[in-house]
1. Just to be sure I understand: if I project the alpha-carbon convex hull of region A:21-162 onto a plane and average over all orientations, what area do I get in nm²?
2. Give the distance, in whole Å, between the Cα centre of region B:37-97 and the Cα centre of region A:47-100.
3. Rounded to the nearest percent, how much of the accessible area of region A:7-219 (1.4 Å probe, protein heavy atoms only) is carbon and sulfur?
4. Over all directions, what mean area does the Cα convex hull of region A:99-196 project, stated in square nanometres?
5. Once you keep just the Cα pairs under 8 angstrom separated by 6 or more residues, what percentage relative contact order results for region B:103-250?
6. What is chain B by shape, rounded, prolate or oblate, if you read a ≥ b ≥ c off the alpha carbon gyration tensor as root eigenvalues and call it rounded for a/c under 1.5, prolate for a/b larger than b/c, and oblate otherwise?
7. Taking each residue in B:93-100, count the Cβ atoms of any other chain within 10 Å of its Cβ, then average. What number comes out?
8. Calculate for the protein assembly as shown the 222 nm mean residue ellipticity that helices alone would give, adding -39,500 (n - 2.57) per DSSP H run of length 4 or more and normalising by residue count, nearest 500 deg cm²/dmol.
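The values are calculated or read from the model by the stated rules, or taken from the named source; none is laboratory data. Here the structure is a predicted model, which means the values were calculated and not measured. Methodologically, a virtual Cβ is constructed for each residue, glycine included, from the backbone with ideal geometry; neighbour enumeration extends over all protein chains shown. Only protein heavy atoms, including side chains, enter the accessible area calculation; ligands, DNA and RNA are left aside. Shrake-Rupley method; radii C 1.70, N 1.55, O 1.52, S 1.80 Å.
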Amino acid sequence: MPTFWDIEFLRIIFPLLLQGAWITIQLTVMAIVLGTLIGLFVALAKLSPIWPLRVFGNLYTWVLRGVPLLVQLYVLYYGLAQIGLLELDAFTAAVVGLSACAGAYIAEIIRAGIQSIDRGQKEAALSLGMTTADAMRRIILPQAIRNILPPLGNEFITSLKDTSLVSVITMIELMRTGILLDVTYFRSMEIYLSVAAIYLLLTTIFVYGIDYLERRFKII
Amino acid sequence: MIQLKGIHKRFDHLEVLKGVDLEIQEGEVVVIIGPSGSGKSTLLRCINCLEKIEAGEIRFNGQIVGMIPTEKGLVEDRKEKIAKLRSSLGMVFQNFNLFPHLSALENVMEGPVTVKKMKRAEAEALSRNLLHKVGLADKVDVYPNQLSGGQKQRVAIARALAMQPKAMLFDEPTSALDPELVGGVLAVIKELAEEGMTMIVVTHEMGFAREVADRVVLMDEGQIVEIGTPEEIFSFPKHQRTIDFLQSIL
Ligand SMILES: Nc1ncnc2c1ncn2[C@@H]1O[C@H](COP(=O)(O)OP(=O)(O)O)[C@@H](O)[C@H]1O
Ligand SMILES: [Mg+2]
């Protein structure tokens, strides 16, 4: 039995794990940026006076929050390839899957944030002669952002951890790097504890970043 | 200037306005009084198209506005037209509805900058003037949560005036205020009246109504019960419901 916490062994695996972590970071950043854009669009669709948009928004969040992300990734990567409709490379499939799913949760967060703003705010804006879009952009969203940021921060952390799921569609990020090292060295404890430590480090950095943003938006 | 003819409005099964006719001349101050729930707020909101009427017509300077009659009944006017109408009608709400993320000055500048696309420097000069006019020259950089109710309402009045409206609609502007703060707000409204601003004011301040109103309207259960000069309404009310109402608030 090999010695536990062999520094030499950690020296071998850490560079590889950090490479994986870099991919994880890239996936996370793309997932939350695209997910936020999707979320904003879907939230506005759900609140739209135009009913086809509302139907679309509601279907979107219903399906994507109702089906496990793991299943979504299999359909997106293996399913679409099998019927020859669309052969996505692993990275694209991972980004699409992660951001589409994050978008559904973020849409609910943004919708709730917008609806938490008193109706009188919109009426005051409209009564000045603003369009609905101006009222949203100038008056409602800037206030809603303060209610949106805390749950949005949680969602970003979830997105970061969810990137580990794309290891099943051959994406070599942090988790998959760990799995590959394990099948080579059979030293699960050291490898997965190292993986865990790196995830914990990343989520901690995230928490502080989000904290900083929250304080910046708490102007009054 | 503003003509209301046969205005009907219902919320589901509740008929809130049951055929309201009222005409407001340019420069006139009309005060609307009446029991709570009689439809006073709803009437103001209909004029401003914050509510859609089911029947009747609203004219502004002779033009039908808001809900336009067609073969299919009343249809909401184009968005730009409604926005244009709203920008010529200043609305002041009972609970102020100031924008809490903006300073007093920014609150007042918001309309000119966003709606009229006025240059910021020009809007700022205009807004500083208006805040000065309502007695808040020293509060320009303060956020709403640091203002008293009376100060908030005066900022809200300045915000409405910044659009240089043709008429002002006040919905119980002093009802949410502590008694000692009412006077300052009423003084500002009175000053506007003296400058010739056309105004519809819903209020329970009878002293103010007597002093400032050209005509007083008594509303009850979605209808206008009586219209007259302050003298006629307060000293010689004709209808029993007016007498009852006036007694109830004394
Ligand atoms: N958005 C709404 N939905 C349903 N009922 C409403 C709504 N707004 C007002 N009402 C009802 O309409 C009636 C008149 O209200 P309102 O115009 O606010 O009266 P007032 O301002 O004279 O007190 C009340 O019975 C009120 O409950
Ligand atoms: Mg009212």
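1. Average projection, Cα convex hull of region A:21-162: 9.5 nm².
2. When both Cα centres are located, 43 Å separates them.
3. The value for region A:7-219 is 70 percent carbon and sulfur by accessible area.
4. Numbers: hull surface 31.6 nm².
Mean projected area for region A:99-196: 7.9 nm², to one decimal.
5. Relative CO of region B:103-250 lands at 17 percent.
6. Oblate shape, in that a/c is at least 1.5 and b/c is the bigger or equal ratio.
7. 5
8. Values: 16 runs with 246 residues, N = 470.
When only DSSP H runs of four or more count, the value is -17000 deg cm²/dmol.
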